[in-house]
Amino acid sequence: MRVCILGEEVLRQKALPVEAVTPEIEQLAKDMLETMIEADGVGLAAPQVGLSLRMFVVMADDDVQRVFINPQIIATSEEMGDYDEGCLSIPKVYETIRRPLKVTVQALNEKGKPFTLDADGLLARVIQHEYDHLDGILYIDRGDPEFKAKTEASFAKKEARRKEKEAAKAVKAAKIAAKKARKEAR
Ligand code: GNR
Ligand code: NI
């Protein structure tokens, strides 16, 4: 699956709950895990693959692959910690972000079975990062506002360049098609 990049609308939307954990949702979880591993990530949220749904997958601390559907963070520790965060949707950008060190999360797994998990370390970090994605929040929203503005501007430029290139390619393809049509008309 293609991973959406900063600037794409879906990353800023509040995702909707998964209505029922169907075989299609189980398959989606598998596809998301594959995409996450392929991209060398430790977590991936559905909005990152263009689906505005409340689910994410995680594999942190050499841990097992975990699927969280309709998650709720029911408790966070008072104790906070700093960690260098990155995001597959903001490639090659990193910033130190302060968050609670421990969380308790409730969710459904890929079979629709409810579970509660106490997490610390990288797992707790990634769960909070992924949970934010479901509310359209990115880690840059939790860091230095100036860094956020610069990062958004730089990705907006990149996106503008990509669109320009795409348009130029379409013009070229149209010219080739027109030439071919003229040739065939002779
Ligand atoms: O791969 C990822 N690494 C990471 C490192 C520190 C804090 C959070 C993360 S999650 C990120 C993958 C991703 O963008 N998930 O949404
Ligand atoms: Ni992310």
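The values are calculated or read from the model by the stated rules, or taken from the named source; none is laboratory data. Keep in mind the model is a prediction, meaning the values are calculated, not measured. No Cβ is skipped: glycine too gets one built from the backbone with ideal geometry, and neighbour counts run over all protein chains shown. The area values use the complete protein model at the heavy-atom level, side chains included, leaving out ligands, DNA and RNA. Shrake-Rupley method; radii C 1.70, N 1.55, O 1.52, S 1.80 Å.
Some notes on this structure:
- Axis of helix 23-38 versus longest Cα principal axis of the chain: the two differ by about 80°, to the nearest ten degrees.
- Accessible solvent surface per residue of the chain, calculated while the other protein chains remain in place, 1.4 angstrom probe, Å²: 61 Å²
- As a size descriptor, the averaged projected area of the C-alpha convex hull of the range 40-111 was calculated at 5.6 nm².
- The chain: projected area of the alpha-carbon convex hull, averaged over directions, in nm²: 13.3 nm²
- Close amide-amide hydrogen proximity is noted between residue 93 and 87, each under 5 Å apart and 5 or more residues distant or on a separate chain (H modeled in the peptide plane; Pro and chain starts excluded).
- Both radii were evaluated on the Cα set of the range 121-186; the Rg over Rh quotient, with Rh as the Kirkwood radius, amounts to 1.39.
- Taking 0.36 nm per residue of separation and subtracting the Cα-Cα distance, full extension of the segment from residue 159 to residue 40 would add 40.6 nm.
- Highest average packing first - 71-81, 37-47, Cβ atoms within 10 Å: 37-47, 71-81
- Karplus-derived HN-Hα couplings along the range 149-166 (A = 6.51, B = -1.76, C = 1.60, θ = phi - 60°), whole Hz, x at Gly and Pro: 4, 5, 5, 5, 5, 5, 6, 5, 4, 4, 5, 4, 5, 5, 5, 4, 4, 4
- Each other residue within a Cβ distance under 14 Å of residue 97 adds +1 if Lys or Arg and -1 if Asp or Glu, for a net charge of -3.
- Kirkwood Rh in Å, taken over all unlike Cα pairs in the range 59-157: 14.5 Å
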